[in-house]
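Since the structure comes first, as structure tokens, the remarks are kept for the end.
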Amino acid sequence: MKVLLAVDGSEYTQRMLGYVAAHDELFSSATEFTAVTVVPAIPPHAASYLDRRTLDSYYHDEAEKVLKPVRAFAAQQGWKVDFVERAGHVGDRIADFATSGKFDLVVMGSHGDSSIANVVMGSVSSRVLAQCKTPVLLIR
């Protein structure tokens, strides 16, 4: 089974990783994990003042802040994980990557907010659920 772990470095990511680690009946040793983090894109007007190398370095550094502790946790669990970093609208990029990567399942933490702001702007998990053709497991 190919599983996409959508990570953002929050406590919700930690809960999600803990859930995956604790449920080996769902995730066997043959599970292929890929962890993806998406760095929100710099607005195009601002990005036009930066050269591509500087922009790529910024995105990589921000992604690495999220992926470094996930790497350590995965190593501690003995998981083999591929790590991927993307830039753009978080929900859109996760859904697109899940589809293009032909994953069997997306697992992500959910903040569980139900504020009026989520109704107007939408949350990342809502966006992924709406756009992703791959089954999604949300962990709160």
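The values are calculated or read from the model by the stated rules, or taken from the named source; none is laboratory data. Computed from a predicted structure; not experimentally measured. Heads up, the Cβs are rebuilt from the backbone with ideal geometry, glycines too, and the neighbour counts pull from every protein chain shown.
The conditions are (1) touching a residue at least 24 places away in the same chain (Cβ under 8 Å); (2) of a type in the set (Phe, Trp, Tyr); (3) not in a strand (DSSP E or B), and Tyr58 fails exactly one of them. Which is it?
That leaves (1) as the condition not met.
Hey, can you tell me all the residues within the stretch 47-94 that are among the basic types (Lys, Arg) and under 16 Å from the mean Cα position of the chain (by Cα)?
Narrowing the stretch 47-94 to residues among the basic types (Lys, Arg): 52-53, 65, 68, 71, 80, 86, 93.
Correct list: Lys65, Lys68, Arg71, Arg86, Arg93.
Looking at Phe33, Phe97, which one is within 18 Å of the chain's Cα centre (by Cα) and outside any helix (DSSP H, G or I)? Give the steps one after another, and end with the answer.
Working: Phe97 fails: outside any helix (DSSP H, G or I).
Within the list Phe33, Phe97, the selection yields Phe33.
Of all residues in the stretch 63-94, count the ones that are aliphatic (A, V, I, L, M) and either at positive phi or not in a helix (DSSP H, G or I) (or both).
First, the residues of the stretch 63-94 that are aliphatic (A, V, I, L, M): 63, 66-67, 70, 72, 74-75, 81, 84, 87, 90, 94.
With either at positive phi or not in a helix (DSSP H, G or I) (or both) added as a condition, the list becomes 81, 84, 87.
The qualifying residues number 3.
Filter the stretch 93-110 down to residues that are in contact with a helix residue (DSSP H, G or I) (Cβ under 7 Å, 6 or more places away or on another chain) and modelled with pLDDT of 95 or more and give me whichever is surrounded by the most Cβ atoms within 10 Å (Cβ to Cβ). Let's see the steps before the verdict.
Within the stretch 93-110, the first condition is being in contact with a helix residue (DSSP H, G or I) (Cβ under 7 Å, 6 or more places away or on another chain), and the residues that meet it are 94-95, 106-110.
Adding the requirement that they be modelled with pLDDT of 95 or more leaves 94-95, 106-108.
Values: Ile94: 28, Ala95: 23, Val106: 26, Val107: 23, Met108: 23.
Result: Ile94.
Say whether the condition of being surrounded by 15 or more Cβ atoms within 10 Å (Cβ to Cβ), at positive phi and touching a residue at least 24 places away in the same chain (Cβ under 8 Å) is met by at least one residue in the stretch 9-19.
Of the stretch 9-19, the ones surrounded by 15 or more Cβ atoms within 10 Å (Cβ to Cβ) are 9, 12-14, 16-17, 19.
From what is left, the residues that are at positive phi are 9.
Narrowing the set further to residues that are touching a residue at least 24 places away in the same chain (Cβ under 8 Å) leaves 9.
Checked against the condition, which is being surrounded by 15 or more Cβ atoms within 10 Å (Cβ to Cβ), at positive phi and touching a residue at least 24 places away in the same chain (Cβ under 8 Å), the stretch 9-19 yields at least one hit.
Here is a check on your reading of the model: is Arg15 under 20 Å from Gly101 (Cα atoms), among the basic types (Lys, Arg) and under 14 Å from the mean Cα position of the chain (by Cα)?
no
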